[in-house]
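We did not get these values from a lab; they are worked out from the coordinates using the rules stated. Bear in mind the structure is a predicted one, so any value in this text is a computation, not a measurement. Cβ placement follows ideal geometry from the backbone for every residue including glycine, while neighbour counts extend to all protein chains displayed.
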There are 4 protein chains.
Amino acid sequence: MPRTPAQFEEIREARRAAILDAALHVFAEKGYASSSIAMIAKQAGISKGLMYNYFDSKEGLVKTLLTEGFDIFVEVFDRDKDGELTDEEFIFFLDQTFEILKGNIPFWKLYFAIMSQADVMSMLGEVMMEKLSPYFNTMQNYYAQKGYENPMAQMRVLGALLDGVCLNYVADPEGFPLEDAKKIIIDKFI
Amino acid sequence: MPRTPAQFEEIREARRAAILDAALHVFAEKGYASSSIAMIAKQAGISKGLMYNYFDSKEGLVKTLLTEGFDIFVEVFDRDKDGELTDEEFIFFLDQTFEILKGNIPFWKLYFAIMSQADVMSMLGEVMMEKLSPYFNTMQNYYAQKGYENPMAQMRVLGALLDGVCLNYVADPEGFPLEDAKKIIIDKFI
Amino acid sequence: MPRTPAQFEEIREARRAAILDAALHVFAEKGYASSSIAMIAKQAGISKGLMYNYFDSKEGLVKTLLTEGFDIFVEVFDRDKDGELTDEEFIFFLDQTFEILKGNIPFWKLYFAIMSQADVMSMLGEVMMEKLSPYFNTMQNYYAQKGYENPMAQMRVLGALLDGVCLNYVADPEGFPLEDAKKIIIDKFI
Amino acid sequence: MPRTPAQFEEIREARRAAILDAALHVFAEKGYASSSIAMIAKQAGISKGLMYNYFDSKEGLVKTLLTEGFDIFVEVFDRDKDGELTDEEFIFFLDQTFEILKGNIPFWKLYFAIMSQADVMSMLGEVMMEKLSPYFNTMQNYYAQKGYENPMAQMRVLGALLDGVCLNYVADPEGFPLEDAKKIIIDKFI
DNA sequence: AATGAATGAGAGTTCATTCAT
DNA sequence: AATGAATGAACTCTCATTCAT
């Protein structure tokens, strides 16, 4: 009995996910430029040729990884998008951020690797900013409603700190004291 | 009649500086792996071949950039290396850090590009850690002598914050409120 | 529908042989260091890149040529490896040597080109010695059992003579009187 | 007081010899293609540029080495060029050959390295043959006057043997039993 | 006469991408 | 849908040769 169209779709979807997963890990391990399509295909258990049946190019692959990666991130914070934050919610907010970080180290490795390459960034910068701005708005609102003098700057500093923690953590997950850092941040930035 | 040794030395020094400058900007812009010797040579206005009269390899080039870049950084902080810090000195310390940051944007772009590439890091990790550890020690000492519970974590968080500020600033020097950030950091981390 | 594994295997085997054949002739003609992958690829009618789908490196290519070339040589003499030789067998032995020589001129050209290049020799010396030593042992045994005073020296002289004949023959296959030489050698060295 | 033209000439001559000597040793060590002008200049203690004041090109250098090297060889045997040889003279002849071999290992290394490269040979082959033919004629005459059936073949076999001994000796001067070989050759080929 | 900075062609090698099957 | 052989451009690096001084 031949496969139904739905079955085909299912197989395709699973394979697509496998390729993205393989690509994420290879990119995170070796960096974007130093990763080859051959490595990714091998890791995904398929041929190089078939890769191009699923993704247009190496660049398309990394763009998909980044945009879909951020979508997951955004989903989690979606409910708080426009709301006001209590202190408990803000703590929860930070907690969530750290949980996502811990669960997606390869993604954040890739994120920082790509971030530092102006040419790739120029294509992704807008997309990312659009997705992340609700998150930043939430932070800024928090400081605004607490009556801080310069809530934008407060938000940028906190954002920078989270970037920095993220960068240090993915560079050395064993060595960086993530839990201690969380306490200190909550202590200072609430 | 040949040039005098002094003349040759002069030529070499000027060329060397031009190559390093070109390399710094290209690496900062594209990342290490995505930069080619051809790009750097073109930027420096010389032939590919001449590069190798001045530097052994692409790797040697980036190592030189980073070690000499950090040397400038280290020089400034040298006098405080082992001493204890008063609050004023700590503020001065942060001030200096920000001044250096403002004056060397391409260098710090390169620094982050390197930081996020595991393969390059593996060859540079030691060099960098050696140069930076006195700086981190100074910070840790500061928190230790102020009686903080976990000075190492305090230091790591401050380090992460400075990384993050640096990262955000070099990504968008006009948009990031560096002066405001400095005030907030001094306020919170002293 | 993809080619079957058997079809791929067929293609690979044919290409591999074509590359080895091209490489043998180019190396034999120009020597190892002066032969370029571009020349070999051109001779084989393929792109430079494809070479590396079949062989790891230029060095790998020449190693393969030499080991597989010697294997043919070794195969012929395998049965006599450890045995004692009668005069008839010794004559047969020389006969075989000359036949192999006549049928593989480019290989022996390569062999001498390699022999005279210290840097290549250093990577091949072991492989070659391992393959050739049974052959030399056979000769030495022959002289030992005939009661010669210094069988090792006899063997070395005979080996040198065969090298020299080989060298002269490959340099000028038409001009060198191979058959006459064989008679003289059998006459003097039996 | 300025140097006299004769003094200039003397300096030039000494320098020329130093360059040739340096080149011979570098070529013998690394092979022709793998030796660089930079290495040779360094070994000779002069600049690359000055090399080209003495020799047109790398190829010119090796041609000079080979032709002048053979001249030395030829000189020694000059007196016997056309004469008839007694057995004692023939032994002396072989003796001389071995002495020259022992005293000029780098030259013979270079000779064999170049011999195996058809393209270089094509330029040198004629020159060399012209210089060596008296030597071969002497050998052939020796066998002719002793009444051998095929003196040309005898000569070619002896020539091949001397080639082979030379090749084996320069490849491994410590290991090859040159003195034993000489005795065996005299024993068999007189 | 002498230097070594500088070039440019070409070396070995890698790899994203295409394509016949 | 699927393969991996094949290409070609670009990579890092080397070096004989030239040339301003």
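Compute the label-point distances linking residue A:57 to its equivalents in the other copies; points lie 7 Å from Cα along Cα→Cβ; give nm, one decimal, shortest first.
The projected label point of residue A:57 is separated from its counterparts by 3.0, 3.3, 4.3 nm.
Is there a simple number for the mean count of other chain Cβ atoms within 10 Å of the Cβ of residues in A:30-36, and what is it?
What the average comes to for A:30-36 is 5.
Would you work out which of A:38, A:62, A:8 lies farthest towards the positive end of the dipole of chain A? Charges go on Cβ: Lys and Arg +1, Asp and Glu -1.
The one lying farthest along the dipole's positive direction is A:38.
Taking trypsin sites (Lys or Arg not before Pro) that fall in a DSSP loop and have at most 14 other Cβ atoms within 10 Å as cut points, what is the longest piece of chain D between them?
No qualifying site falls inside D:4-80, the longest such stretch.
About the Cα centre, and with charges only on the beta carbon of Lys, Arg (+1) and Asp, Glu (-1), how big is the dipole of the stretch C:50-151? Nearest 20 debye, please.
420 debye
Straight distance only, please: which lysines reach the Cα of residue A:30 with their own Cα at less than 21 Å, same-chain residues fewer than 8 apart left out?
Output for residue A:30: A:42, A:48, A:58, A:63, A:102, A:109, B:30, B:58, B:63, B:109.
Just add up the charged neighbours of residue B:95: K/R +1, D/E -1, any other residue whose Cβ is under 12 Å from the Cβ of residue B:95.
Charge balance in the 12 Å sphere: -1.
For the protein assembly as shown, with only Lys/Arg (+1) and Asp/Glu (-1) charged at the beta-carbon, what is the dipole magnitude about the Cα centre, in debye rounded to 20?
1380 debye
Defining the label point at 7 Å along Cα→Cβ, can you sort the distances from residue B:4 to the same site in each other copy, shortest first, in nm?
Between copies, matching label points for residue B:4 lie 3.5, 8.2, 9.1 nm apart.
Please average, across the residues of A:150-157, the number of beta carbons from any other chain that are within 10 Å of each residue's own beta carbon, and give a whole number.
Per residue, the number of nearby Cβ atoms from other chains is 6 on average.
With charges only on Cβ, +1 for K and R and -1 for D and E, what is the dipole size of chain D about its Cα centre, in debye, rounded to 20?
Roughly 840 debye for chain D.
According to the square roots a ≥ b ≥ c of the eigenvalues of the Cα gyration tensor, what is the shape class of the stretch B:1-84, taking rounded for a/c under 1.5, prolate for a/b larger than b/c otherwise, and oblate for the remainder?
It comes out oblate by the Cα gyration axes.
What are the GluC sites (Glu not before Pro) within the stretch C:18-83 that DSSP puts in a loop, where the Cβ has at most 13 other Cβ atoms within 10 Å?
none
With a sphere of radius 15 Å drawn around the Cβ of residue C:23, what net charge do the other residues whose Cβ falls strictly inside it have (Lys, Arg +1; Asp, Glu -1)?
+3
With labels modelled as points extended 7 Å from the Cα through the Cβ direction, what inter-label distance (nm, one decimal) is found for residue B:57 paired with residue C:38?
Each label point lies 7 Å from its Cα, and together they span 2.4 nm.
List the distances, in nm to one decimal, from the label point of residue C:103 to the label points of the same position in every other copy, shortest first, placing each label point 7 Å from Cα along the Cα-to-Cβ direction.
Ordered by distance, the counterparts are at 4.6, 6.9, 7.8 nm.
Name the residue farthest towards the positive end of the dipole of the stretch B:58-189 from the options B:158, B:122, B:91, assuming +1 on Cβ of Lys and Arg, -1 on Cβ of Asp and Glu, about the Cα centre.
My answer, from the dipole projection, is B:122.
If you bin the C-alpha pair distances of the protein assembly as shown every 20 Å from 0, what whole percents do you get?
Histogram of Cα-Cα distances, whole percents per bin: 13, 31, 25, 21, 9, 1, 0.
Quickly estimate the mean residue ellipticity at 222 nm for chain B, helices only: each DSSP H run with n ≥ 4 gives -39500 (n - 2.57), and the total goes over all residues, rounded to 500.
The helix-only estimate for chain B comes to -26500 deg cm²/dmol at 222 nm.
Taking the rotation axis that maps chain D onto chain A, which residue of D brings its Cβ closest to that axis, and at what distance in whole Å?
Residue with the nearest Cβ, plus whole-Å distance, for chain D: D:34, 15.
Just the Cα atoms of the stretch C:58-189: what Rg and Dmax do they give in Å?
14.9, 46
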